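A.B. asks: Pasting in a structure now, in C-alpha cells, and then I'll have a few things to ask.
Every number in this text was worked out from the coordinates using simple rules, so none of it is lab data. Since the structure is predicted, the reported quantities are computational estimates derived from the model, not experimental observations. Every residue, glycine as well, gets a Cβ built from its backbone with ideal geometry; the counts of neighbours run over all protein chains shown.
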Amino acid sequence: MIQEIRDLVSEKLKKLDGVVALRKTDQGTAPTLFQEGDDVSQLVLEPRYPVAKTVSKLQKRFKDAKFGVVARGCDTRALVEMVKRHQIDPDRLYIVGMACSEEQAETCYCAEPAPDLDPWPEADLVGDPVPGAPPNPMVAEYENLSREERWDFWNQQFTKCIKCYGCRDICPVCFCDACSLEDPLWVEPGLLVPDFPMYHLIKAMHMTTRCVACRQCETACPAGIPLTVLYDLIRKDVGNLIGYIPGADADSGPPLSLTLADAPIDSELAK
Amino acid sequence: MDYSNTQTICPFCGCGCALNLEVVDGEIVGVLPANDHPVGRGSLCIKGWNAHSFVQHEDRLKTPLIREDGDLREASWEEALELVADKLGSIKSEHGPDAVGVLASAKCTNEENYLLQKFSRAVIGTNNVDHCARL
Amino acid sequence: METNEDKQAFEPKVVAFLCNWCSYAGADSAGISRLKSPANILPIRVMCSGRVSPEMILRAFRSGADGVMVLGCHIGDCHYIDANHRTVKRVTLLQNLLGYTGINPDRLVLDWVSSSEGPKFAKVTRKFVEKVRELGPMAEEMGKSLPASKINVLVEEVTG
C-alpha cells in the first residue's frame with residue numbers, strides 16, 4: 001500500500017503545490033509538505049498526527065496554493081468538520097485516502113476506518129476498506145456505573161491533569177484563536193489541578209457535535225486520562241438526539257449553530 | 001512555500017522529551033509532540049507545547065545588556081563578562097564568598113550545570129548553588 | 001446520620017438565567033400578581049437564553065450554585081426568532097454531560113416562561129428549588145468519595 005501511495009503522491013505533485021504527509025528521517029517522523037522533487041521514499045503512514053490542522057494552517061498561509069493530503073478515515077472526518085467551520089477550502093484540497101488495516105482499526109476502536117471520499121471534489125482511495133472495529137469496551141462498562149461511581153471515577157482521573165492543554169493542541173478540529181480554556185473568566189489561571197468542572201467540561205462541551213473520534217487527545221495526554229470515554233458518550237448522544245455524526249455528512253452544518261427546523265433534537269422542550 | 005518539522009529536545013527540563021518544531025518558510029510556527037519518540041511517547045507538558053514561542057519573541061535578549069545610570073545599553077560579551085568578573089571579585093573580597101549565590105538552569109546541559117557548580121564552589125568558594133529543577 | 005433537621009437547614013442556592021424579553025418579564029409578572037416564588041433564586045438577566053453558554057452554567061456551579069435554571073421564550077416566540085433553538089440543544093447535551101461525569105443532571109433545568117406566565121414562573125422555580133433541596137448541597141455531592149470498589153478496578157484498567 002505504501003508504494004502505491006508514494007507513486008500516487010509523486011504523480012500528483014506535478015500538478016499540486018505540495019502534499020502534506022508524514023516524513024520519516026533519521027530524526028524521527030512528523031508531518032511535512034512534500035513538493036515536486038522531494039524524496040517520496042521518505043513518506044510513511046505511521047504514527048498518526050493531526051494533519052487536518054496542518055492543512056488548515058497551510059491553506060490560511062498560502063491563499064492560492066492547492067495542496068494534497070494523505071489522510072486516514074479519522075483525518076477525512078476532521079477535514080469535513082473543518083470545512084463546515086470554514087477552516088479548510090475543499091476546492092483547494094486533493095485527498096489520498098488511506099484505508100486503515102483491521103489491526104489499526106482495532107487499536108483505535110474505530111467505527112469507520114475507511115475514509116469517506118464522496119464529499120470531496122478530488123480524491124483517490126488506496127487500500128482495501130475493512131469493517132469498523134468494536135467500540136471501546138470501557139464505555140459500556142462505564143455506562144453501568146452509578147452516578148456516585150462516575151463522579152469518583154472522573155474525580156480520580158481529572159486530578160491527574162497537569163493542564164498541558166495537549167488535548168486541545170493536538171485536536172484536529174480545535175482551531176479558535178481565542179480559547180475559552182485560556183480565558184481567566186472560565187478557567188482560573190495558575191491552578192493545578194485545573195478546576196473541575198470548568199476545564200474538562202468546557203472542553204467536552206466544545207467537543208460535542210465536533211469530536212470525530214480520532215482519539216489523539218488520549219494519546220497526547222501525559223496523564224493518561226481516558227478522555228474518549230467521555231467523548232464517545234457525547235458522540236453517541238449527539239447521534240441519538242440530533243441524528244448527527246461528526247465528520248460523516250458533509251452537507252449538514254454544525255447542528256448547534258442551526259435551527260430546530262434544520263437540525264431537530266429529540267426533546268419535549270423543542271416543541 | 002515550505003513546511004516541515006524539525007525534531008529536537010525540549011529545552012525546559014531534565015526529562016528530555018522530544019518535540020517537533022513546525023517550520024513554515026523558515027519561521028517557527030508551532031510545536032507537535034514526537035509520537036515515535038521513546039521518552040515523551042507523543043505527550044508534552046505545557047512548557048513543551050509552547051517551546052516555540054520564545055524563539056522568535058521580540059523581547060528575547062540577543063546581546064548582553066549593561067545598566068548604566070538606570071538605562072540598559074547593549075554591550076559585547078567580552079565587556080559584559082569582564083564587568084561580571086570584576087563585580088563578583090569585589091563582592092567576594094569585601095563581603096566574603098557566601099555573599100554570592102549561584103542559580104543554575106534546567107535549560108542548560110548536565111555538563112554546563114556541572115561547570116557552574118564547580119565555578120561557584122572552587123572559584124568563588126560558596127556552597128550557595130541552586131537549581132530550578134530541584135523544586 | 002443525616003437528620004430531618006439538617007435537611008431543613010439546607011437552603012439551596014439556585015442561579016436562574018432569565019431572558020430579557022420573556023422570562024425576566026415573567027418573573028416581574030409573578031411579582032406583580034403577588035405570587036410566591038422562592039427567595040433561593042438568584043436571577044441573572046441575559047438578553048436571550050441563547051446567550052447562556054455552557055461556560056456560564058458551569059461557572060455558576062463552580063461558584064457554589066446547587067442548581068442552575070435557564071429560562072427563555074417559548075420555541076417560536078424568541079425575540080431573536082430562533083436563538084433559543086440552540087439553547088434547547090446545548091442545555092440538553094450539557095445535562096447529559098453532567099450525568100456522565102457524575103453530577104446529578106437534575107441540577108440543571110431548562111424551561112420556557114413567557115412574559116405573561118407569572119404563575120408558571122412561580123411554579124417552575126418552586127418546583128426546582130424543592131427538587132434541589134431534596135438533592136442536597138452540591139458541595140456534598142462532589143465531596144463524597146466512595147470506598148475502593150469497582151472504580152479502582154476501572155482506574156487500574158485505564159492506567160495499566
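A.B. asks: What does the structure give for A:23-34 when I average, per residue, the other chain Cβ atoms found within 10 Å of the residue Cβ? If you can, show how the numbers build up before the last one.
C.D. replies: Numbers: counts 2, 1, 4, 1, 8, 11, 7, 13, 6, 7, 6, 2.
Average per residue, whole number: 6.
A.B. asks: Shifting gears a bit: Can you pull a Stokes-Einstein diffusion coefficient for the range A:2-126 at 4 °C (1.567 mPa s), Rh from Kirkwood over Cα pairs, as a whole number of µm²/s? Write out the running numbers ahead of the final one.
C.D. replies: On the way: Rh = 14.5 Å.
Using the Kirkwood radius from Cα pairs, D works out to 89 µm²/s.
A.B. asks: Treating cross-link reach as a plain straight distance, find the aspartates and glutamates whose alpha-carbon is under 16 Å from the alpha-carbon of A:K15, omitting any fewer than eight places away in the same chain.
C.D. replies: Qualifying aspartates and glutamates at Cα under 16 Å: A:D7, A:E36, A:D38, A:D64, A:D91, A:E122, A:D124.
A.B. asks: Follow-up. For the range A:80-144 and the range C:88-102, compute the distance between their C-alpha centroids and round to whole Å.
C.D. replies: Distance between centres, Cα-based: 26 Å.
A.B. asks: OK, next. Using the structure shown, list the pairs from A:K203/B:K47; C:K13/C:K127; B:K62/B:K118; A:K271/C:K13 with a Cα-Cα distance above 22 Å, or answer none.
C.D. replies: On the way: A:K203/B:K47 20 Å; C:K13/C:K127 14 Å; B:K62/B:K118 27 Å; A:K271/C:K13 30 Å.
The answer is B:K62/B:K118; A:K271/C:K13.
A.B. asks: Something else: Run through the range A:141-197 and list the GluC sites (Glu not before Pro) located in a DSSP loop whose Cβ has at most 11 other Cβ atoms within 10 Å.
C.D. replies: Here no GluC sites (Glu not before Pro) fit, given the DSSP loop and packing criteria.
A.B. asks: Here is a follow-up. Taking the Cβ of each residue in A:F67, B:F12 as the centre, tally the other Cβ atoms inside 10 Å and list the residues starting with the fewest. Each step should come with its number before you reach the end.
C.D. replies: On the way: A:F67 24, B:F12 20.
In increasing order of surrounding Cβ atoms, one gets B:F12, A:F67.
A.B. asks: Please give the helix A:51-61 orientation as an angle from the longest Cα principal axis of chain A, in degrees from 0 to 90, rounded to the nearest 10.
C.D. replies: Rounded to the nearest ten degrees, it is 70.
A.B. asks: Given H placed 1.01 Å from N in the peptide plane, which residues other than close sequence neighbours of A:G18 have an amide H under 5 Å from its amide H?
C.D. replies: A:G68
A.B. asks: Which links in A:K60/A:K160; A:K53/A:K160; A:K53/C:K89 stretch past 30 Å when you go from one Cα to the other?
C.D. replies: Working: A:K60/A:K160 36 Å; A:K53/A:K160 27 Å; A:K53/C:K89 27 Å.
Those over the limit are A:K60/A:K160.
A.B. asks: How big is the gap, in Å, between the Cα center of the range A:160-189 and the Cα center of the range C:103-132?
C.D. replies: 33 Å
A.B. asks: Dividing the alpha-carbon radius of gyration of the range B:1-116 by 2.2 N^0.38 Å (N being the number of residues), what value is obtained? Mind showing how you got there, number by number?
C.D. replies: Values: Rg = 19.2 Å, N = 116, 2.2 N^0.38 = 13.4 Å.
Scaled against compact globular proteins, the figure is 1.43.
A.B. asks: Among B:H52, B:H95, B:H37, determine the one that fluctuates most according to a GNM of chain B built with springs between C-alpha atoms less than 10 Å apart.
C.D. replies: Fluctuation is largest for B:H95.
A.B. asks: So how do A:M198, C:M69, A:M207 line up by other beta-carbon neighbours within 10 Å, fewest first?
C.D. replies: On the way: A:M198 20, C:M69 28, A:M207 25.
The order, fewest Cβ neighbours first, is A:M198, A:M207, C:M69.
A.B. asks: On alpha carbon coordinates alone, what is the Rg over Rh value for the range B:86-135, Rh being the Kirkwood radius? Don't jump to the answer; show the numbers that get you there.
C.D. replies: Working: Rg = 11.3 Å, Rh = 11.3 Å.
Taking Rg over the Kirkwood Rh, I get 1.01.
A.B. asks: Further question: Assigning unit charges at the beta carbon (Lys, Arg +1; Asp, Glu -1) and nothing else, what dipole magnitude in debye, to the nearest 20, does the range B:93-135 show about its Cα centre?
C.D. replies: On the way: 4 positive and 5 negative charges, 28 e Å.
In total the dipole reaches around 140 debye.
A.B. asks: Share of Cα-Cα pairs in the range B:3-49 beyond 11 Å, in percent?
C.D. replies: Numbers: 663 of 1081 pairs.
More than 11 Å apart: 61 percent of the Cα pairs in the range B:3-49.
A.B. asks: In square nanometres and to one decimal, what's the mean projected area of the convex hull around the Cα atoms of the protein assembly as shown?
C.D. replies: Working: hull surface 140.0 nm².
If you wrap the Cα atoms of the protein assembly as shown in a convex hull and average its projections, you get 35.0 nm².
A.B. asks: Give me the angle, in degrees from 0 to 90, between the Cα long axis of helix A:2-12 and the longest principal axis of the Cα atoms of chain A, rounded to the nearest 10.
C.D. replies: That works out to roughly 70 degrees.
A.B. asks: What is the percent of Cα-Cα separations in chain A that go past 31 Å? Each step should come with its number before you reach the end.
C.D. replies: Details: 10838 of 36585 pairs.
Looking at chain A, the distances longer than 31 Å represent 30 percent of pairs.
A.B. asks: I've got another one for you. Please rank A:C161, B:C132, fewest neighbouring Cβ atoms within 10 Å first, as an exposure proxy.
C.D. replies: Least crowded to most crowded, the residues run B:C132, A:C161.
A.B. asks: For the protein assembly as shown, what proportion of DSSP beta bridges, expressed in % and rounded to the nearest 5, is antiparallel?
C.D. replies: On the way: 27 of 58 bridges.
Percentage antiparallel, nearest 5: 45.
A.B. asks: Among the aspartates and glutamates, which have Cα under 16 Å from the Cα of C:K36 when same-chain residues fewer than 8 positions away are ignored?
C.D. replies: The reachable aspartates and glutamates, counting only those whose Cα sits under 16 Å from C:K36, are C:D28, C:E117, C:E130.
A.B. asks: Eigenvalues of the Cα gyration tensor times 5, then square-rooted: what semi-axes does that give for the range A:137-270, in whole angstrom, largest first? Working shown, then result.
C.D. replies: Details: eigenvalues 128, 72, 44 Å².
Taking √(5λ) for each eigenvalue gives 25, 19, 15 Å, largest first.
A.B. asks: Which of A:Y199, C:S63, A:A105 sits farthest toward the positive end of the charge dipole of the protein assembly as shown, with +1 on the Cβ of Lys and Arg and -1 on the Cβ of Asp and Glu?
C.D. replies: C:S63
A.B. asks: Quote the charge dipole size of the protein assembly as shown about the Cα centre in Debye, to the nearest 20; the model charges only the Cβ of Lys and Arg (+1) and of Asp and Glu (-1). Each step should come with its number before you reach the end.
C.D. replies: On the way: 61 positive and 80 negative charges, 324 e Å.
My answer is approximately 1560 debye.
A.B. asks: State to the nearest 20 debye the size of the charge dipole of chain A about its Cα centre, where the only charges are +1 on K and R beta carbons and -1 on D and E beta carbons.
C.D. replies: Details: 29 positive and 42 negative charges, 151 e Å.
Computed charge dipole of chain A: roughly 720 debye.
A.B. asks: At q = 0.21 Å⁻¹, what log₁₀ I(q)/I(0) does the range C:11-159 have when each alpha carbon counts as one equal point scatterer in the Debye sum?
C.D. replies: -1.29
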